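Structure record follows, encoded as structure tokens.
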Amino acid sequence: MEKKISRTQKRLTKRLQTIWKLGHRKEKTTHRYFIYRLVSFLVIHAFIAIVPLSGIMRFDFWGGNHMIWGEQAPLLEVARRFVIPFGVANILIVLVVRWSGRYLCGWVCPVNFMNRWADWLRGFLGAKNGRLGFKGHAMAAFTSIMFAGVFLLWFVDFRVFIQGSPRAILWSLVAWSFFALFSYVQMVALSWRTCERYCPSGVYFSILGVKTKTGIERNPNGTPCADCKLCITACPMDLDPRNLLGEAREVSGVYFDTLDNSALCIRCGDCVEACDRFFEPRKLPATLRMGVLQNTGSALPEPKAKKARKTKATSPSKVSQEKPESHEEGPEDPARSSAA
Ligand code: SF4
Ligand code: SF4
């Protein structure tokens with residue numbers, strides 16, 4: 001067990017170092033996924049803050065001023081009126097995940113943003129072996145407290161900290177600390193392990209998201225795979241993005257063995273970004289793409305190039321000096337041939 005954890009730590013550290021270096025090369029441009037992710041982050045967090053602040057919905061376990069659609073109402077009435085929008089939102093989620101896969105995990109889930117923020121802190125502070133130093137822990141703790149404060153808005157009116165009894169203040173602080181602790185542990189200790197192994201919502205979405213219409217595949221107009229393996233290193237779910245239809249990843253934690261790689265993929269696009277960055281200096285189109293599937297299948301290199309796969313992953317620092325292997329034709333499609 002201990003060996004497995006340290007392997008994961010090593011892998012996540014390598015992932016972090018790779019994407020950090022790729023994102024900070026001289027010739028780098030702002031990747032489109034960075035912009036999409038930033039917009040998604042702002043929208044989601046604005047939503048989390050605006051709903052309780054505007055009174056669209058909020059519980060107040062201190063003053064009893066529960067709100068729904070801008071009106072004050074008793075607790076049970078708020079819960080009753082929340083049932084329909086909650087049900088509709090869940091039906092939409094089921095339909096979206098069933099059709100498109102786990103984009104919610106890769107682009108909407110706050111845990112995903114916490115992991116990325118902690119990754120950014122590690123990269124920015126030059127954390128050794130992926131471990132945050134004192135500064136990193138302090139910054140992670142501060143952001144955890146802020147995030148927990150926003151989440152607490154859903155459950156208590158913040159005037160409790162001025163007008164509340166000592167007991168009410170104490171309970172509010174306990175709730176705040178609990179949320180902050182959860183967020184802090186997620187950032188500094190669990191990180192992508194939560195998504196990869198332990199998230200019950202992830203299991204639910206994986207079951208729903210088997211054989212979806214979107215995902216990662218070989219770009220029909222892309223450059224044949226140069227086997228640099230940067231996409232594998234960048235993947236937070238420990239998958240080979242070039243062959244999501246291939247042999248299933250060894251699953252651990254609460255996932256089922258029967259889930260295929262495509263269902264485990266959280267559609268985060270990190271592999272596509274890494275591939276884009278690899279080919280960026282040569283102005284060539286990436287091998288991988290994400291979107292509605294055109295059934296182009298696996299992006300693995302041709303068998304004759306397989307020997308090269310045994311070499312170590314290309315160091316991002318060397319990326320700009322290396323040339324991709326030239327393939328006259330697109331790579332063979334083992335997924336299709338095995339299906340046939
Ligand atoms: S295969 Fe690509 S999109 Fe899927 S989880 Fe891995 S990096 Fe993200
Ligand atoms: S060229 Fe692209 S698809 Fe091939 S190994 Fe490198 S990052 Fe992955």
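The values are calculated or read from the model by the stated rules, or taken from the named source; none is laboratory data. From a predicted model like this one, the values you see are computed outputs, not experimental measurements. Backbone-built Cβ (ideal geometry, glycine too); neighbour counts: all protein chains shown.
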One residue is enough: does the stretch 180-190 have a residue meeting the conditions more than 29 Å from residue 256 (Cα to Cα) and exposed (fewer than 14 other Cβ atoms within 10 Å of the Cβ)?
no
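Assess whether residue 35 counts as being modelled with pLDDT of 90 or more, in contact with a strand residue (DSSP E or B) (Cβ under 6 Å, 6 or more places away or on another chain) and either closer than 29 Å to residue 148 by Cβ or not assigned by TED's automatic domain parsing to the domain that holds residue 132 (or both).
Values: modelled with pLDDT of 90 or more: yes; in contact with a strand residue (DSSP E or B) (Cβ under 6 Å, 6 or more places away or on another chain): no; either closer than 29 Å to residue 148 by Cβ or not assigned by TED's automatic domain parsing to the domain that holds residue 132 (or both): yes.
Answer is no for this residue.
Could you list all residues from the stretch 58-88 that are in contact (Cβ under 8 Å) with a residue 60 or more places away in the chain and within 32 Å of the chain's Cα centre (by Cα)?
If we filter the stretch 58-88 for residues that are in contact (Cβ under 8 Å) with a residue 60 or more places away in the chain, which is where we start, we get 58-63, 65.
Correct list: 58, 59, 60.
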Pairs returned, first residue in the stretch 219-235 that is outside any loop (DSSP other than H, G, I, E, B), second residue that is of a type in the set (Val, Ile, Thr) and near ligand 2 (Cβ under 6 Å from one of its atoms), beta-carbon separation under 9 angstrom, 6 or more apart or interchain, are 231/287
Here is a list: 212, 223. Which entry is of a type in the set (Ser, Thr, Tyr) and within 16 Å of ligand 2 (Cβ to nearest atom)?
223
Reported set for the stretch 183-204 where residues are within 25 Å of residue 274 (Cα to Cα), hydrophobic (A, V, I, L, M, F, W, C), in a helix (DSSP H, G or I) and in contact (Cβ under 8 Å) with a residue 12 or more places away in the chain is 187, 188, 195
Counting only residues that are touching a residue at least 24 places away in the same chain (Cβ under 8 Å), within 8 Å of ligand 1 (Cβ to nearest atom) and touching a Gly at 6+ places or on another chain (Cβ under 9 Å), the stretch 254-287 contains a total of 7
What's the number of the condition residue 20 fails, among (1) free of Cβ contacts under 8 Å to residues at least 24 places away in the same chain; (2) in a helix (DSSP H, G or I)?
(1)
